[in-house]
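Take a look at the structure set out below.
The values are calculated or read from the model by the stated rules, or taken from the named source; none is laboratory data. Nothing here was measured: the structure is a model prediction, and the numbers come from that model. In this analysis, Cβ positions are derived from the backbone assuming ideal geometry, glycine residues included, and neighbour counts consider all displayed protein chains. Note: accessible area is taken over every heavy atom of the protein model, side chains too, but ligands, DNA and RNA are not part of it. Shrake-Rupley method; radii C 1.70, N 1.55, O 1.52, S 1.80 Å.
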Amino acid sequence: MNDTTLLSGTNLVKTFRTSQRSSAAQVLTALDRVSIQVTVGETVGIAGESGCGKSTLAKVMCGLMEPDSGEVSYRGGNLKQLSREEHTIFRRSTQMIFQDPFSSLNPRLRIGDSIAEPLQIADIPPDGQRAEVARLMNIVGLNREASNRFPDEFSGGQRQRIGIARALAARPEILIADEPVSSLDISIQAQIINLLLQMKSDLNLSMMIISHNLLVLHHICDRIMVMYLGAIVESAPAASLFRRCRHPYTEALIAAIPGLATPAGATTERLSDDIPSALAIPSGCRFHPRCRHAEDICHHTPPPLVEYAPNHTSACHFSTQLYG
Ligand SMILES: Nc1ncnc2c1ncn2[C@@H]1O[C@H](COP(=O)(O)OP(=O)(O)O)[C@@H](O)[C@H]1O
Ligand code: SF4
Ligand SMILES: [Mg+2]
């Protein structure tokens, strides 16, 4: 951890039992010793196919879910050891944005009142609340008159703007956005991506953005971490990841992006759709059943995460041979 680390997770493990009946219970590993750091003003992307543990990581990092082991720290303090007052500050400072903002908005509350809720909790007087709601609506590109309307009168993109305004009302230091544009039309996605970029530069917010879409993360993030079956397999500055990734899984994800020119020599082979179950994580390198480069060692020896270039780590036995 360095001085500017705002939120960090160390060796996070999270398992789920698939059945309450102990005789039939199976243990599913959603997070397998995941470590992550988000520094002040940094935007970190979490990529990976559906089911790889992204949402679980988001919930653990914002304190909504407890890990089985490992620790989450906010400004260097283990969440479990924060005082009540420090915990209140943590909850306010760490705000979530969801894929479907409609589900987190009260349908009977005018959106101006929804956005003002965190301000009421902070005991801001009514005049101050109105001014702040107007300021937040302006930041997210919503018309001020819209504050008297109800959530069902808005489109998906506008609702996401409302969700973001509500999150900003708490004056957070870090936003954790779980698939913030996945449910939106492509043209609207671009608008929300631009809004997040704008906020990043204007508000000096830290962000953790989760998406199964690497291209979305490439647009917004400073650094991208790629997850596979509950583990981080590669982490790098966004530009380096796209210029020269160092893990066959990342390579396959990049190759699957339509219309993107892949570097010379990179694979154009599609990943098979048969993702192994998190109930039976493959031995050795967990990616080996789908990896076109797998050799004997990959079947039985897990590759460690190794730093191959500044801030660029990869968990592959053949990273150097394959990517230089
Ligand atoms: N509450 C839960 N109970 C049981 N299994 C869960 C629960 N939440 C997530 N999982 C399982 O954990 C794994 C990771 O899920 P999730 O974090 O939602 O992945 P992602 O967001 O990348 O799609 C999946 O196999 C999923 O089925
Ligand atoms: S360790 Fe082996 S199986 Fe895993 S990604 Fe590297 S080459 Fe593929
Ligand atoms: Mg998810």
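Considering only protein heavy atoms, with the full assembly of protein chains and a 1.4 angstrom probe, order Phe90, Phe150 by accessible area, largest first.
Listed by decreasing accessible area, they come as Phe150, Phe90.
Which one, Leu271, His247, Ser147, projects farthest toward the positive side of the charge dipole computed for the chain from Cβ point charges (K/R +1, D/E -1)?
My answer, from the dipole projection, is Ser147.
Under the Karplus relation 6.51 cos²θ - 1.76 cosθ + 1.60, θ = phi - 60°, what is the ordered set of whole-Hz ³J(HN,Hα) values for the stretch 4-13, x standing for Gly and Pro?
Per-residue couplings from phi come out as 9, 5, 9, 9, 9, x, 10, 6, 6, 10 Hz.
In whole Hz, with x marking every Gly and Pro, tabulate ³J(HN,Hα) for the stretch 56-72 from phi via Karplus 6.51 cos²θ - 1.76 cosθ + 1.60, θ = phi - 60°.
4, 4, 4, 5, 5, 5, 9, x, 6, 9, 8, x, 5, 8, x, 9, 10
If you wrap a convex hull around the Cα atoms of the stretch 26-157, how much volume per residue is inside, in Å³?
169
For the stretch 20-72, report the convex hull volume of the alpha-carbon atoms normalised per residue, in Å³, without decimals.
Taking only Cα atoms, the stretch 20-72 has a hull volume of 104 Å³ per residue.
Please work out the C-alpha center-to-center distance from the stretch 285-324 to the stretch 161-229 and express it in whole Å.
A separation of 29 Å, based on Cα centres.
At 7 Å along Cα-to-Cβ for each site, give me the label-to-label distance between His293 and Arg110 in nm.
Modelled inter-label distance: 5.9 nm.
Given the protein chains as shown and a 1.4 Å probe, how many square angstrom of Leu253 are accessible, to the nearest 10?
30
Among Asp68, Asp222, Asp274, which one moves the most in a GNM of the chain with springs linking Cα atoms closer than 10 Å?
Fluctuation is largest for Asp274.
Have a look at Val27, Val226, Val181 and tell me which one the Gaussian network model of the chain (Cα, springs below 10 Å) gives the largest fluctuation.
Val27
With the dipole of the chain worked out from charges on the C-beta (+1 for Lys and Arg, -1 for Asp and Glu) around the Cα centre, which of Ser206, Gly63, Ser182 lies farthest toward the positive end?
Gly63
If you check each cysteine of the chain for another cysteine whose beta-carbon is under 4.7 Å away, which ones come up empty?
Cysteines lacking a close Cβ partner in the chain: Cys52, Cys62, Cys221, Cys245, Cys291, Cys316.
Please state, rounded to one decimal and in Å, the Kirkwood hydrodynamic radius that the stretch 82-157 gives when every pair of distinct Cα atoms enters the mean of 1/r.
That comes to 13.7 Å for the stretch 82-157.
What does the accessible area per residue of the stretch 160-260 come to in Å², with a 1.4 Å probe and no ligands, DNA or RNA counted?
Spelled out: the 1.4 Å probe surface of the stretch 160-260, per residue, equals 33 Å².
Determine the shape class of the stretch 242-324: with a ≥ b ≥ c the square roots of the Cα gyration tensor eigenvalues, call it rounded for a/c under 1.5, and otherwise prolate if a/b is greater than b/c, oblate otherwise.
In terms of gyration-tensor shape, oblate.
If the elastic network links every pair of Cα atoms under 10 Å, which of Pro67, Pro304, Pro172 fluctuates the most in the Gaussian network model of the chain?
Of the options given, Pro304 has the highest mean-square fluctuation.
Scan around Gly41 for amide H atoms under 5 Å from its own, H built in the peptide plane at 1.01 Å from N, and keep only partners 5 or more places away or cross-chain.
Ser206
Using a cut-off of 17 Å between alpha-carbon atoms, which lysines can reach Lys80, once sequence neighbours fewer than 8 places away in the same chain are excluded?
Lys14, Lys59
Using a 1.4 Å probe on the protein chains only, how many percent of the accessible area of the chain belongs to carbon and sulfur?
Carbon and sulfur together cover 48 percent of it.
Quick one: what does P(r) look like for the chain with 20 Å bins over all Cα pairs, in whole %?
30, 55, 14, 0
Using only protein heavy atoms and a 1.4 Å probe, report how much of Thr18 is accessible, in Å² to the nearest 10.
Approximately 70 Å² for this residue.
Can you run phi through the Karplus equation (6.51, -1.76, 1.60; θ = phi - 60°) for the stretch 93-109 and list ³J(HN,Hα) in whole Hz, with x for Gly and Pro?
6, 10, 10, 9, 10, 9, 4, 10, x, 4, 5, 9, 9, 6, x, 9, 9
What shape does the stretch 186-324 take by its C-alpha gyration tensor, where a ≥ b ≥ c are the square roots of the eigenvalues and a/c under 1.5 counts as rounded, a/b above b/c as prolate, and the rest as oblate?
Because a/c hits 1.5 or more and a/b exceeds b/c, the stretch 186-324 counts as prolate.
Rg and Dmax of the stretch 4-46 over Cα atoms: what are they, in angstrom?
15.4, 48
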